[in-house]
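Notes follow once the structure below has been shown.
The values are calculated or read from the model by the stated rules, or taken from the named source; none is laboratory data. Small disclaimer: the values here were computed from a predicted structure and weren't measured. In this analysis, Cβ positions are derived from the backbone assuming ideal geometry, glycine residues included, and neighbour counts consider all displayed protein chains.
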């Protein structure tokens, strides 16, 4: 294909960033090399290989070109295996910009272009100058709009008023207190700290070092001679110390990621900015949002807050690129509902009539939970005899859980949306616009059949392949059939726009 | 716009599924034969009849299952879209609205070719049920169904 415009190259400082990225990717072999078990010469060989491989990646810089054509973005890259990618502007789902301290020092940024396909971003332009980023953003925004208007009418009734970049309408902001609370609620650091601690505790050298440090503070430990009170005291102290470490580091992580989180609306796009050291700017066309979720955990409820997340088409994960799924990490419940309505006017909370699941469904939940109580009880009774029966005390809890499950679950459907809410401890409300539904399935297990029940799920682009958010279970078969035919008709008359 | 009510698959597809299972059952039988040979300490002379007995037993189970499986496998085309019903114990219905079809493949395996059958693979932009397959169609039926689904989709151009 002929390229009509002149191509662009990466910024001159790019090799540095490419090198850092390559180092980041080989950080695990590097870590194993440094912290590894032996500490001998072969470790340095691993490090040397990793460094060499990283240096080679710098060469990419001379082979990376991109063009801003009339209707598409073209990216050419690769040394031995060359690739030429063409992304039409109107297919671009998200446009994310990453800036960390180093970027800011050189006035450059990493730009990530995402379309609806695959798990990898369509193009990662690492790095280009700030002016060039602004230019590309403008080009994509203008031309995408142009081609959509030319091509056909979008089903979104909202008229595209030409809105300047300064007309950003603020939707949501996060105060420092919110970020702190969010960090505490999320316990994000629990997993990494757990992994590091368990790896280090397997390493004799670091374990001894840890005990040495501890003994410096509290004197000789002499675990062998501890009485039960000492065990309790030290155990409690240690637990408290661990908890505080986890909380503090979770809060730190939250600040790194969400500091000054700011969501605004620019015409038909959502603009999100966040980050302390690494600033991320994400640009999401509103009509590309596939699903909205409002979630809360017990800790959320303690602070009287909820989280609002979204799903966009395209399966970019944290590993493969910059992800942006937050609408509001922490927000009060009424505000959350207003926010969702202001982003998707179809979601009118007052018109959503929640319908309950079948009242008899609690028996099925109860049986299911009880099964998981009896399952571990069988070996326990075999080995510990009557003591194993202690697990039976959980049965009333299962009863309460089952009743609460049916009470909290519900679904709602109207001409515009389908919504589902469920969960006793972790509660989620998911909302999908009918126009975004891709296909509908119905499932009836043998247990369902015995109870005259079935479940219905709807599939959207960019949803979780394992877990479906709209998965209405424990409904009468007739209701499911009605729902299914109603939804199919609704979907078949509404047009899907990415 | 063409519509039709629930249709069963071609009966030769039942034959194909049985033949392919009979072949697969040979592999399934091997570990059972080894197990029973070790357990009862069978001599070589006995192992071969035992193999066939187990194979026959497994195949007979499938033969009985496939009757119900085939009876339950049906599809219909409505104004809204293609609906496929399948499953014996876990019954499932997939509904693909006409205007959500992204593209359609027709694949044919060596066995299917002998019986002039094809498999229709309908792709949507979804995630979990993004591809819906409908096997056991006559070549011509599959091509017609594909044409019908694509045609009704052409009327309104999806982005």
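Are there strands (runs of 3 or more DSSP E) fully within segment A:342-457 with at least 3 residues that are in contact with a helix residue (DSSP H, G or I) (Cβ under 7 Å, 6 or more places away or on another chain)? List them.
A:417-422, A:437-444
So, residue A:227, is that one over 24 Å from the mean Cα position of the chain (by Cα), closer than 30 Å to residue A:325 by Cα and modelled with pLDDT under 80 or not? Steps first, please.
Working: over 24 Å from the mean Cα position of the chain (by Cα): yes; closer than 30 Å to residue A:325 by Cα: no; modelled with pLDDT under 80: yes.
Answer is no for this residue.
Would you say residue A:268 is more than 24 Å from residue A:192 (Cβ to Cβ), touching a helix residue (DSSP H, G or I) at 6+ places or on another chain (Cβ under 9 Å) and surrounded by fewer than 22 Cβ atoms within 10 Å (Cβ to Cβ)?
On the way: more than 24 Å from residue A:192 (Cβ to Cβ): yes; touching a helix residue (DSSP H, G or I) at 6+ places or on another chain (Cβ under 9 Å): yes; surrounded by fewer than 22 Cβ atoms within 10 Å (Cβ to Cβ): yes.
Considered against the rule, which asks whether it is more than 24 Å from residue A:192 (Cβ to Cβ), touching a helix residue (DSSP H, G or I) at 6+ places or on another chain (Cβ under 9 Å) and surrounded by fewer than 22 Cβ atoms within 10 Å (Cβ to Cβ), residue A:268 comes out as yes.
Would you tally the residues in segment A:128-164 being modelled with pLDDT of 50 or more and either surrounded by 14 or more Cβ atoms within 10 Å (Cβ to Cβ) or assigned to a loop (DSSP other than H, G, I, E, B) (or both)?
Looking only at that region, the number is 17.
Quick check on my filter: what residues within segment B:109-142 are exposed (fewer than 15 other Cβ atoms within 10 Å of the Cβ) and either away from chain A (no Cβ under 14 Å) or over 15 Å from the mean Cα position of the chain (by Cα) (or both)?
Those that are exposed (fewer than 15 other Cβ atoms within 10 Å of the Cβ) and either away from chain A (no Cβ under 14 Å) or over 15 Å from the mean Cα position of the chain (by Cα) (or both): B:109, B:110, B:113, B:114, B:116, B:140.
With (1) outside any strand (DSSP E or B); (2) without any contact (Cβ under 8 Å) to a residue 24 or more places away in the chain as the list, and residue A:480 as the residue in question, which single condition is left unmet?
Exception for residue A:480: condition (2).
Take the residues in segment B:41-89 that are under 15 Å from the mean Cα position of the chain (by Cα) and part of a loop (DSSP other than H, G, I, E, B), then tell me which one is nearest to the other protein chains (Cβ to nearest Cβ).
Result: B:87.
Could you pull out the residue among B:63, B:68 that is under 25 Å from residue A:452 (Cα atoms) and modelled with pLDDT of 90 or more?
B:68
Would you list the helices (runs of 4 or more DSSP H) that sit entirely within segment A:170-222 and hold 3 or more residues that are touching a helix residue (DSSP H, G or I) at 6+ places or on another chain (Cβ under 8 Å), farther than 30 Å from residue A:339 by Cβ and assigned by TED's automatic domain parsing to the domain that holds residue A:234?
Result: A:190-201, A:204-218.
Looking at segment B:9-28, is at least one residue under 30 Å from residue A:486 (Cβ atoms) and touching a strand residue (DSSP E or B) at 6+ places or on another chain (Cβ under 6 Å)?
Within segment B:9-28, one or more residues are under 30 Å from residue A:486 (Cβ atoms) and touching a strand residue (DSSP E or B) at 6+ places or on another chain (Cβ under 6 Å).
Take the residues in segment A:477-498 that are surrounded by fewer than 17 Cβ atoms within 10 Å (Cβ to Cβ) and more than 7 Å from chain B (Cβ to nearest Cβ), then tell me which one is farthest from the chain's Cα centre (by Cα). If you could, list the steps in order and put the result at the bottom.
Of the residues in segment A:477-498, the ones surrounded by fewer than 17 Cβ atoms within 10 Å (Cβ to Cβ) are A:477-478, A:481-482, A:485-486, A:489, A:493.
Now narrow it down to the ones that are more than 7 Å from chain B (Cβ to nearest Cβ): A:477-478, A:481-482, A:485-486, A:493.
On the way: A:477: 34, A:478: 36, A:481: 33, A:482: 33, A:485: 32, A:486: 31, A:493: 31 Å.
Here the answer is A:478.
Among the residues of segment A:433-465 satisfying the criterion of being over 17 Å from residue A:485 (Cα atoms) and touching a strand residue (DSSP E or B) at 6+ places or on another chain (Cβ under 7 Å), which is farthest from the other protein chains (Cβ to nearest Cβ)?
Only one residue fits best here, namely A:452.
I need every pair where a residue in segment B:91-106 that is at the interface with chain A (Cβ under 7 Å from one of its Cβ atoms) has its Cβ under 8 Å from the Cβ of a residue that is assigned to a strand (DSSP E or B) and surrounded by fewer than 17 Cβ atoms within 10 Å (Cβ to Cβ), sequence separation at least 6 or different chains.
Listed pairs, sorted by first residue: B:91/B:85; B:92/B:85; B:93/B:85.
Per-residue answers, yes or no, for (1) within 23 Å of residue B:119 (Cβ to Cβ); (2) touching a helix residue (DSSP H, G or I) at 6+ places or on another chain (Cβ under 6 Å):
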position	(1), (2)
B:11	yes, no
B:19	yes, no
B:31	no, no
B:35	no, no
B:46	no, no
B:51	no, yes
B:58	no, yes
B:61	no, no
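Based on what the data block shows, is residue B:115 under 30 Å from residue B:30 (Cα atoms) and at pLDDT 95 or above?
No: the conditions fail for residue B:115.
Out of A:125, A:92, A:185, which single residue is within 14 Å of chain B (Cβ to nearest Cβ) and at pLDDT 80 or above?
It is A:92.
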